[in-house]
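Undergrad: Structure provided below as structure tokens; questions to follow.
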Amino acid sequence: MPSEKPEQLTQAQKTQLEAELAELEGPRRAAAVEAIKVARGFGDLSENFEYHAAKNDQGLLEMRIRVLRDRLSRAVVVDEPAGEDSVVGVGSKVELEDEHGKRLELEISSVGGVSPDSPAGRALIGAKPGDEVEINAPSGAWRARIISVGHQ
């Protein structure tokens, strides 16, 4: 599961992941252990739904912790572009207009946005307002014009 590829993050995105990891490793992990302890008190473990559910939740929690640790270990903090209407980079908020006149807003971010490694992310990185880009998505290629580029 661990990757060797660097994870480009803005400082704000890295801080967000670090805060999530601290929450998961602290209070959430303690709550999972307590839930297992309480469920063990319900009797026979082979037919104890609460125990199995608590163990499953703990497994999911530990998996998320491993993913966050891996991402943070590969994190490379990138400079956030300054000012409005600049070049699209990690951390940019991009307003697009597709071929049909429909507008949409995307954030280039591997933390709750469009990944820079996705088809849309690859097409947008380095572009500026007014540029036309072709996005080769799995569902088919489509074109869009960049209306504006903003930053957090």
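Undergrad: Can you tell me which residue in region 12-55 is nearest to H151 (Cα to Cα), limited to those that are loosely packed, with under 13 Cβ neighbours inside 10 Å and touching an Asp or Glu at 6+ places or on another chain (Cβ under 8 Å)?
TA: Here the answer is V38.
Undergrad: Let me ask something else about it. Can you list the strands (runs of 3 or more DSSP E) found entirely within region 58-152 that contain at least 2 residues being hydrophobic (A, V, I, L, M, F, W, C) and either modelled with pLDDT under 90 or open to solvent by less than 40 Å² (accessible area, probe 1.4 Å) (or both)? So that I can check it myself, show each step before the final result.
TA: Values: elements: 75-77, 92-98, 103-107, 132-137, 140-151.
Passing ranges, in order: 75-77, 92-98, 132-137, 140-151.
Undergrad: Another one. Among the residues in region 46-54, are any out of contact with any Ser or Thr (no Cβ under 7 Å at 6 or more places or on another chain) and part of a loop (DSSP other than H, G, I, E, B)? Lay out the reasoning, then the answer.
TA: Start the filter on region 46-54 by keeping residues that are out of contact with any Ser or Thr (no Cβ under 7 Å at 6 or more places or on another chain), which leaves 46-54.
From what is left, the residues that are part of a loop (DSSP other than H, G, I, E, B) are 48.
Within region 46-54, one or more residues are out of contact with any Ser or Thr (no Cβ under 7 Å at 6 or more places or on another chain) and part of a loop (DSSP other than H, G, I, E, B).
Undergrad: Sticking with this structure for a sec: Among all residue pairs at least 6 apart or on different chains, which show Cβ distances below 7 Å where the first residue, located in region 136-150, is without any contact (Cβ under 8 Å) to a residue 12 or more places away in the chain and the second is in a strand (DSSP E or B) and open to solvent by 30 Å² or more (accessible area, probe 1.4 Å)?
TA: From residues that are without any contact (Cβ under 8 Å) to a residue 12 or more places away in the chain, the pairs are A141/E134.
Undergrad: What about K14, is it farther than 30 Å from D131 by Cβ and part of a helix (DSSP H, G or I)? Break it down stepwise before answering.
TA: Values: farther than 30 Å from D131 by Cβ: no; part of a helix (DSSP H, G or I): yes.
It is false that K14 is farther than 30 Å from D131 by Cβ and part of a helix (DSSP H, G or I).
Undergrad: While we're here: Do you know which residues across region 105-135 are more than 30 Å from R74 (Cα to Cα) and in contact (Cβ under 8 Å) with a residue 40 or more places away in the chain?
TA: Within region 105-135, just P129 meets the criteria.
Undergrad: Keeping to region 1-47, report how many residues are acidic (D, E), in contact (Cβ under 8 Å) with a residue 40 or more places away in the chain and within 12 Å of L61 (Cα to Cα).
TA: So in region 1-47, the residues acidic (D, E) come out as 4, 7, 18, 20, 23, 25, 34, 44, 47.
This time we only want the ones that are in contact (Cβ under 8 Å) with a residue 40 or more places away in the chain, so: 4, 7, 18, 20, 25.
From the residues that got through so far, the ones that are within 12 Å of L61 (Cα to Cα) too are 20, 25.
So the count comes out to 2.
The values are calculated or read from the model by the stated rules, or taken from the named source; none is laboratory data. Note that this is a predicted model, so its numbers are computed, not measured. We place every Cβ from the backbone using ideal geometry, glycine too, and count neighbours over all the protein chains shown. Accessible surface areas use protein heavy atoms only, side chains included; no ligands, DNA or RNA. Shrake-Rupley method; radii C 1.70, N 1.55, O 1.52, S 1.80 Å.
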